[in-house]
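See structure below.
The values are calculated or read from the model by the stated rules, or taken from the named source; none is laboratory data. If you're wondering where the values come from, they're calculated on a predicted model, not measured in any experiment. FYI the Cβ positions are ideal-geometry reconstructions off the backbone, even for glycines, and counts take in every protein chain you see.
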Amino acid sequence: MPRYDFISQRLFVDHSIGSRSVVELDRTQSNYLINVMRLKNGAPVLMFNGRDGEWEARLQILGRKQVALQAVSQTRTQTPAYDLHYLFAPLKQARLEYMVQKAVEMGAGVLQPVLTQYSQVRKLNTGRMTAHAIEAAEQCGILTIPQINRPISLPDMLAEFPTDRQLIFCDESEESQNPLVALRQITQGPVSLLIGPEGGFSQDERSLLRSHANVTPIPLGPRVLRADTAAVAAIAVIQATIGDWHD
């Protein structure tokens, strides 16, 4: 049996949820449920807010363009945020959206844009990133919306990096082709993953990364991967070896 209910419509709401609470939806969400999904009055909907767990609710049609959700019972209690931090050089819009969605689906709890020498994009719409993160969480049964930070330069990120956290970065200059050897040497501490831009890290950036404490470079095999593909591959390998898939 599936671990989650993938049949009922699932919606993120930015309101507190409790027993019998009523949440009025905005026009966009109301239109989606009534006109796109064509739900009727009393239809079951799952709602969550990233704080109070997931709740089964009943749709209440208040008007032609306004609906509310009334909580009936809690279906899942709130879980802690995922501890994998995903750091990445910003990409152009379509591929950035894909990367955000996949990182959220695969267990990233923090999304941190990092500006590098060869970064293609310098300005980001973090509101748009949040919207895509919410969409991924709605579709995949995730209870916590990841924290999305504003861009930071690579040197500043390293200067502020916590001493009790491990930083893994994908380095195409690694002679080995197998990331498992390096990953299995990491035995303690929460993990952050850093993916560089399409042009890779500069030599100065590689030297800076390698000189920093708690940093582990890994390869991603013999093939050249685009940055968004590298993100999916790297998160999968990390989760399967030292992450929350491992146990």
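Quick notes
- Residue in region 106-116 that is part of a helix (DSSP H, G or I), closer than 20 Å to R10 by Cα and in contact (Cβ under 8 Å) with a residue 60 or more places away in the chain present: no
- Matching residues in region 117-144 - criterion: being of a type in the set (A, V, I, L, M), in contact with a strand residue (DSSP E or B) (Cβ under 8 Å, 6 or more places away or on another chain) and in a loop (DSSP other than H, G, I, E, B): L124, L143
- Residues being under 28 Å from I235 (Cα atoms) and either basic (K, R) or touching a residue at least 60 places away in the same chain (Cβ under 8 Å) (or both) are represented in region 36-48 by at least one member.
- Entry remark, region 145-193: residues being assigned to a loop (DSSP other than H, G, I, E, B), over 26 Å from Q78 (Cβ atoms) and of a type in the set (S, T, N, Q) number 8 in total.
- Residue in region 61-69 that is outside the structural domain of M106 (by TED's automatic domain parsing), more than 30 Å from D244 (Cβ to Cβ), of a type in the set (D, E, K, R) and surrounded by fewer than 11 Cβ atoms within 10 Å (Cβ to Cβ) present: yes
- Filter result for V72 (modelled with pLDDT of 95 or more and exposed (fewer than 15 other Cβ atoms within 10 Å of the Cβ)): yes
- Evaluated against (1) aliphatic (A, V, I, L, M); (2) without any contact (Cβ under 8 Å) to a residue 24 or more places away in the chain; (3) in contact with a strand residue (DSSP E or B) (Cβ under 9 Å, 6 or more places away or on another chain), A240 falls short on exactly one condition, (3).
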